[in-house]
Every structure is written in C-alpha cells, then in structure tokens.
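Reading through the structure tokens given below for one structure.
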Amino acid sequence: MKFSIFKVALRNLKRNAFRTAVLVFSIGLLVSILVFGSSFILSVGSSLERASARLGADILVVPVGAREYAEEMLLETKVKTFYMDKGLMDRVGQVEGVTEITYQTYLETIWGVCCDVPPAKVVAFDQDTDFIVRPWLKEALGRELKKGEAILGHTAYTDLDLLEVDSSVLFGAKFDIVGVLEETGTGLDNAIFITDANIDKIIEKGKSRLKPNQISLMFVKVKEGLDPYPIGAKIESEVVEVDVIQRSEMGESIIATLKDINRIFLITIVLASVLSMFLTWTIFTAIVNERAREVGIMRAIGAKGSHIVGMFMIEVFLLGFMGSVFGIALGNYLSLTLSEVFTLLRDMAATLTLVERIEVSLLGLAVGVGICVVGALSSIIRIKRLEPLTVLKEV
Amino acid sequence: MAQIELKDVSKVYTLGDTVINAVEDVSLGIEKGEFISIIGHSGSGKTSLLSIIGGILSPSSGRLLFGGTDIYALDETGLAAYRADSVGYIFQFASLLPVLTAKENLLLPTIFSSQRPSNSGKKAEEYLDMVGLKDKINAYPAQLSGGQQRRIAIARALMNDPEILLADEPTGDLDEETEADVMDFLKRINSEKGITFILVTHSSELARGATRRIRMTQGRIEEIGS
C-alpha cells in the first residue's frame with residue numbers, strides 16, 4: 001500500500017488494540033439493538049401491510065363477534081373456525097356500493113382424527129367469484145384448481161411435513177397436492193387451499209363440524225371512488241348477523257401494541273446512542289490528548305488542518321464501520337434466531353424481505369458511523385485549531 | 001534581498017497577570033546558504049524565535065519575510081505549504097511517530113508537500129543510507145537508540161529538499177561522539193546543498209562552527225560575530 005495518511009490512521013488504530021476493541025464493541029452493541037429492534041417493528045408492520053394489501057378487499061364481513069378470530073386467522077398463524085349462513089351473502093351483496101363479493105370457509109384439521117396432517121387451517125374458496133387466491137394460484141399453478149386437488153401455502157409446505165407427499169387425506173377425503181403458493185407474509189401462508197366444490201363431500205364424510213350452507217368470511221369490494229366506511233356501516237345496520245372489518249383497520253390492536261413497543265425501543269436507542277456518543281467522546285479526548293505532540297510535529301513538518309482532521313476522521317469512520325458491521329451481523333442474527341421466541345413474530349410469521357433487511361442494515365451503519373463522528377468531532381476540531389507550537393508545548 | 005527577513009518581530013505570552021516578552025523587536029536578515037547559530041540561556045527566547053522562522057508560532061507583532069513573502073499573512077494552506085516545502089525542522093526532543101517505521105517517518109513530510117516526488121521511497125532509502133541507518137529501514141523508533149532517532153529526524157527534515165534547515169538543540173541528549181557526528185553531518189549538508197542552516201543551542205562550542213553567531217538575552221538579539 002502506498003504510504004498515505006490512511007496508512008498512518010490504520011497504524012494508529014492498531015496502536016491500542018484493546019481500546020479500539022472496546023469502542024468497536026460498544027458501537028456494535030448499539031447498532032445491534034437498533035437493527036434487532038427495527039427488524040422486529042418493521043417485520044410486524046410490513047407483515048400487517050402485506051396481509052392487508054394481499055387481501056385485496058375493501059371490507060371483510062364476519063359473523064357477529066368473530067372480528068378477533070378473523071384477524072387472528074388472516075394475520076397470524078393461528079387456526080380459528082367461525083361460521084355464518086351463506087344466505088347472508090345475497091343481503092350483503094344488495095347493499096348499495098358493493099360491486100364484488102366472494103367468500104371463504106375455514107376448517108381446522110385434527111391429526112389422526114380427520115386428517116393426515118397436524119393442526120392446520122384449510123381454506124375453501126369459491127373459484128367463480130374469488131379475487132383473493134386466484135392471482136396467486138395463477139402464478140403458482142397456471143390453471144384453476146380442480147375438485148379433489150389441494151395447493152399449499154408457502155409455510156404449510158414445510159411445516160406440515162408435506163414436502164414429498166403427493167396426496168393427503170383431509171376430512172376423510174383424499175386430496176392430490178398439486179403445488180405450493182408463493183410466500184405472502186400473511187397468516188394464509190400456512191394454510192391448505194381447496195375449492196368450495198369439495199365442501200359437500202367433506203360435510204358428507206362428517207369429519208368436520210361444518211354444516212351445509214355455512215361460510216366463514218365474506219370479502220367485499222366497493223365501487224371505485226366510494227368511501228368504504230359508510231358502506232360498511234350500512235352493511236352492519238342492514239344485516240345484523242354480521243360484523244364488518246374495514247381493511248384499513250385490520251390489525252388495529254397489533255398496531256397499538258407495536259406503537260408502544262416502538263416508543264420503548266426509541267427511548268432505549270436514544271439512551272444507548274447518548275451513552276455511545278459519550279464513550280466515543282471520552283475515548284477520543286484521551287486519544288487526541290495522548291497524540292497532541294505527534295499532531296504538533298505533523299503540523300510543524302507541513303500537515304494542514306485538513307490532514308489532521310482527515311487522519312482522525314479515517315480512524316473514526318473505520319471504528320464506526322467495524323462496530324456497525326459487527327452490530328449489523330449480531331442484530332440480524334438475533335432477529336433471525338429469536339423470531340420464534342416472540343409470540344407476535346411467531347404468530348404473524350413476520351419476516352423481512354431482503355430489501356428491508358438491507359435498509360435496516362444501512363440504517364444501522366449510518367447511525368453507528370454517525371455516532372462515532374459526532375462523539376469524536378469536538379476533540380478533533382479542538383486539536384486542529386491549535387497552533388503547532390502550542391500543541392507541542394501543551395504536552 | 002535577504003532570503004529571510006525578520007522585521008520588528010515580537011512574541012508576547014500572557015500567563016494570568018504575568019506578561020512575558022519571549023521575543024522583543026527582533027529585526028534580522030539571513031542570506032541564502034548561511035549557517036547561523038543562536039545561543040542563549042534557557043528562556044531567552046531562542047526556541048520562540050526559531051519557531052517563528054519555522055512558521056509554527058505566529059508573532060504577536062512584526063513580519064517574517066521569506067523571499068519577500070510575508071509568511072504570516074498567508075492563509076492556512078499557504079503557511080502549511082511554507083512549512084512543508086521550504087522548511088526542514090529538527091526538534092529538540094524525540095520527534096518520530098512511534099507507529100511508523102524509520103522509512104515511513106521519512107516519507108511522512110512528503111505526503112504534506114505540494115510537490116510530492118514520485119520516487120520518494122527510493123529517496124528515503126538513500127537518506128537513510130546517508131545517515132548510516134539503511135539497515136534500520138523497517139525499525140520502529142522504540143527499537144532505535146536516541147542517536148539513531150535523531151539522525152532519522154535529520155534525514156526527515158531533508159526529505160522535501162527544504163531551503164532552510166532549522167535545528168533546535170539537535171544534539172541535546174546525545175553523547176559527545178554522536179554529537180560530533182551529527183554536527184559534522186549538518187555542516188556538510190549546509191555546505192554541499194547550500195541550505196540555509198539555523199542552529200539553536202546553549203553550547204558555545206557548537207555555535208562556534210557557524211558563519212554567524214547570535215546571542216539572545218531576554219528576547220533581544222545581539223550579534224557576537226562570525
């Protein structure tokens with residue numbers, strides 16, 4: 001490497017390896033908290049957003065009192081069954097402003113009793129009216145799902161031990177497993193999808209508590225440009241047997257919890273940042289004082305203020321960078337390995353996309369390096385402003 | 001026109017209520033290639049005067065002209081360029097950077113120079129050879145004796161081909177034999193390269209080798225001959 005101010009800075013970092021390690025470790029811890037916390041909040045938030053967007057409906061109509069169950073079913077990995085009369089669809093469809101309506105029926109498998117698979121949710125959808133599953137189906141299968149066929153959600157494929165299985169018995173009937181849907185980040189990723197055409201046979205076998213003409217949930221689209229809120233209110237007032245969930249209100253309780261977690265996390269990060277900044281300031285004040293004579297010598301033999309600032313800044317950047325890389329690795333490792341420990345993450349199957357993970361990591365890098373720079377800046381500027389001989393005499 | 005001109009230069013330090021006149025109304029002209037020694041007791045202002053000439057201590061009043069340019073009227077970049085390109089400074093204390101090898105210490109001033117030579121590595125090796133330390137090229141200052149460090153500091157001062165060499169007690173902590181070697185080397189540089197050489201010392205014997213001798217007393221100068 002050609003001799004340069006960069007090489008001098010590198011040598012300075014190696015001079016006191018322990019002190020360098022302490023600073024790198026402390027910045028790393030801060031960044032790991034930031035990456036871990038951000039990953040947690042972002043993954044839950046994104047999962048909610050994705051789930052809401054994926055559903056593609058403006059309003060969800062559920063049996064009275066089943067709002068919570070529906071949210072748990074759609075947003076989390078929980079298995080819930082709730083039913084209402086299919087005839088209610090006609091009444092909901094007649095409400096002014098409703099343009100499209102489809103339904104799904106949810107069933108719960110019981111291993112060894114009705115089915116070959118561990119507890120899982122089975123979603124029966126109406127292929128004629130459906131606008132929820134069909135877009136994914138088209139991508140994964142390229143054709144419609146036939147009677148006696150099942151397609152798996154992305155997580156169900158691995159979680160239900162159906163990796164090498166061609167067919168499986170569900171509610172006493174044999175189903176051919178014809179494919180796997182792409183990951184959606186919603187609670188439907190761990191579901192088994194069948195068409196509504198199979199429902200009669202399932203009821204006939206008597207292996208589920210589903211009765212004829214029962215459905216679980218209606219998905220409603222409203223006329224473009226109309227506000228779904230008054231239409232939802234009208235549905236509730238005209239069809240008293242149902243409750244309405246607006247798409248924008250889905251996961252409200254989770255969002256409220258998330259806001260509290262966000263506040264706690266922010267306070268923790270601010271306190272940890274102040275502590276790290278103070279530590280950097282203390283260490284760099286000591287470093288600058290310790291090297292004051294060397295700085296004076298460098299100034300006396302021709303170094304400009306910018307050379308001195310540049311040398312220290314390279315050291316600061318390298319320290320911040322090393323600490324941040326360590327923190328990003330630790331934070332991501334924690335966020336990946338501890339996701340099963342947190343109920344919220346586990347239930348929602350919340351994960352980050354690669355782009356989101358890169359964004360969080362870049363945020364960690366910026367904060368880690370930024371804190372190092374801010375912490376060290378005052379000491380560096382002080383030494384830069386002193387006259388060479390004054391620095392030499394200060395020692 | 002003299003190469004260096006000091007015009008009514010004063011340096012005043014204020015320590016609480018006490019005012020110290022380190023340098024008082026000094027006017028002096030120095031021709032190119034001269035070897036000047038400045039002697040005086042501790043606190044007489046020798047180092048302050050040398051530092052002012054070296055561009056590392058701004059005077060409280062007066063002007064330092066180098067080739068007709070008022071050095072302390074220059075901006076920070078101009079002043080740094082003067083220190084890097086025109087002056088070689090030998091300090092009275094160990095002044096090598098401990099994290100750099102002997103060769104790297106020699107290369108250090110070249111990265112501050114506006115005319116960074118492409119062959120600076122070769123030049124550093126030649127200078128190390130010239131001061132008899134070619135075998136110590138990769139040694140760190142802690143692995144060198146005081147005399148060896150001093151010789152490397154002298155070689156470093158010559159790396160950017162300065163027009164003035166300033167030496168502040170360059171043999172202060174050396175034994176007699178090494179002191180003689182170092183002084184012979186500096187005189188040779190002065191005569192062979194025509195570099196103006198200003199030596200600050202408290203030793204009358206060392207000062208005697210100069211072409212002009214100046215004594216400082218309480219910040220004022222008096223020429224005592226050549």
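The values are calculated or read from the model by the stated rules, or taken from the named source; none is laboratory data. Fair warning: this is a prediction, and the values are worked out from it, not measured in the lab. Cβ placement follows ideal geometry from the backbone for every residue including glycine, while neighbour counts extend to all protein chains displayed.
The table below gives the values:
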read-out	value
Residues satisfying the stated conditions in the range B:136-151, i.e. in contact with a Lys or Arg (Cβ under 9 Å, 6 or more places away or on another chain) and within 14 Å of chain A (Cβ to nearest Cβ)	B:ILE137, B:ASN138
Scope the range B:203-224; condition outside any strand (DSSP E or B) and under 24 Å from B:VAL19 (Cα atoms); matching residues	B:GLN218, B:GLY219
Matching option when the condition is charged (D, E, K, R), assigned to a helix (DSSP H, G or I), surrounded by fewer than 18 Cβ atoms within 10 Å (Cβ to Cβ) and within 14 Å of chain B (Cβ to nearest Cβ), among A:ARG11, A:ARG91	A:ARG11
Selection count, the range A:237-267, where residues are modelled with pLDDT of 75 or more and out of contact with any Gly (no Cβ under 6 Å at 6 or more places or on another chain)	19
Output for the range A:204-226, where each listed residue is buried (at least 17 other Cβ atoms within 10 Å of the Cβ), assigned to a loop (DSSP other than H, G, I, E, B) and at pLDDT 90 or above	A:SER216
The lone exception for A:LEU345 - which of (1) at pLDDT below 90; (2) within 14 Å of chain B (Cβ to nearest Cβ) it fails	(2)
Residues within the range B:90-104 that are more than 9 Å from chain A (Cβ to nearest Cβ) and either among the β-branched types (Val, Ile, Thr) or crowded, with 24+ Cβ neighbours inside 10 Å (or both), tallied	3
Complete set of residues in the range A:107-124 that are closer than 19 Å to A:ALA197 by Cα and either among the β-branched types (Val, Ile, Thr) or in contact with a helix residue (DSSP H, G or I) (Cβ under 6 Å, 6 or more places away or on another chain) (or both)	A:THR109, A:VAL122, A:VAL123, A:ALA124
Among the candidates B:THR47, B:THR77, residue that is outside any loop (DSSP other than H, G, I, E, B), farther than 15 Å from B:ASN160 by Cβ and out of contact with any strand residue (DSSP E or B) (no Cβ under 7 Å at 6 or more places or on another chain)	B:THR77
Members of the range A:308-329 found to be aliphatic (A, V, I, L, M) and within 14 Å of another protein chain (Cβ to nearest Cβ), listed by number	A:ILE308, A:VAL309, A:MET311, A:ILE314
Residue that is surrounded by the most Cβ atoms within 10 Å (Cβ to Cβ) [pool: residues in the range B:158-197 that are among the small types (Gly, Ala, Ser) and not in a strand (DSSP E or B)]	B:GLY172
Cβ-Cβ under 6 Å pairs, at least 6 apart or on other chains, the range A:293-307 side more than 7 Å from chain B (Cβ to nearest Cβ), far side modelled with pLDDT of 90 or more	A:VAL295/A:ILE308
Pairs with Cβ under 6 Å, 6+ apart, first in the range A:366-389 and away from chain B (no Cβ under 14 Å) and under 18 Å from A:VAL325 (Cα atoms), second small (Gly, Ala, Ser) and surrounded by fewer than 24 Cβ atoms within 10 Å (Cβ to Cβ)	A:ILE371/A:SER273
Criterion (at pLDDT below 90, assigned by TED's automatic domain parsing to the domain that holds A:LEU389 and either in contact with a helix residue (DSSP H, G or I) (Cβ under 7 Å, 6 or more places away or on another chain) or of a type in the set (Asp, Glu) (or both)) met by exactly one of A:THR351, A:THR337	A:THR351
Subset of the range B:140-156 (residues that are at pLDDT 90 or above and surrounded by fewer than 18 Cβ atoms within 10 Å (Cβ to Cβ))	B:TYR140, B:ALA142, B:GLN143
Single match in B:LEU133, B:LEU107, B:LEU128, B:LEU65 (criterion: surrounded by 15 or more Cβ atoms within 10 Å (Cβ to Cβ), facing chain A (nearest Cβ under 8 Å) and over 16 Å from the mean Cα position of the chain (by Cα))	B:LEU107
Set A:PHE18, A:PHE25, A:PHE6: member being within 14 Å of chain B (Cβ to nearest Cβ) and over 18 Å from the mean Cα position of the chain (by Cα)	A:PHE6
Meets criteria (within 12 Å of chain A (Cβ to nearest Cβ) and either under 14 Å from the mean Cα position of the chain (by Cα) or buried (at least 21 other Cβ atoms within 10 Å of the Cβ) (or both)) for B:SER113	no
Subset of the range A:18-44 that is of a type in the set (S, T, N, Q) and under 19 Å from A:LEU354 (Cβ atoms) - its residue that is modelled with the lowest pLDDT	A:SER43
Among (1) of a type outside the set (Ser, Thr, Tyr); (2) within 14 Å of the chain's Cα centre (by Cα); (3) more than 10 Å from every other protein chain (Cβ to nearest Cβ); (4) surrounded by fewer than 21 Cβ atoms within 10 Å (Cβ to Cβ), the one test that B:GLY29 misses	(2)
Members of the range B:102-151 found to be charged (D, E, K, R), in a helix (DSSP H, G or I) and farther than 20 Å from B:GLN92 by Cβ, listed by number	B:LYS103, B:GLU104, B:LYS122, B:LYS123, B:GLU125, B:GLU126, B:ASP129, B:LYS134, B:ASP135, B:LYS136
Single condition B:ALA2 does not satisfy, out of (1) more than 14 Å from every other protein chain (Cβ to nearest Cβ); (2) surrounded by 14 or more Cβ atoms within 10 Å (Cβ to Cβ); (3) assigned to a strand (DSSP E or B)	(3)
B:THR14 vs. criteria among the β-branched types (Val, Ile, Thr) and touching a residue at least 24 places away in the same chain (Cβ under 8 Å)	no
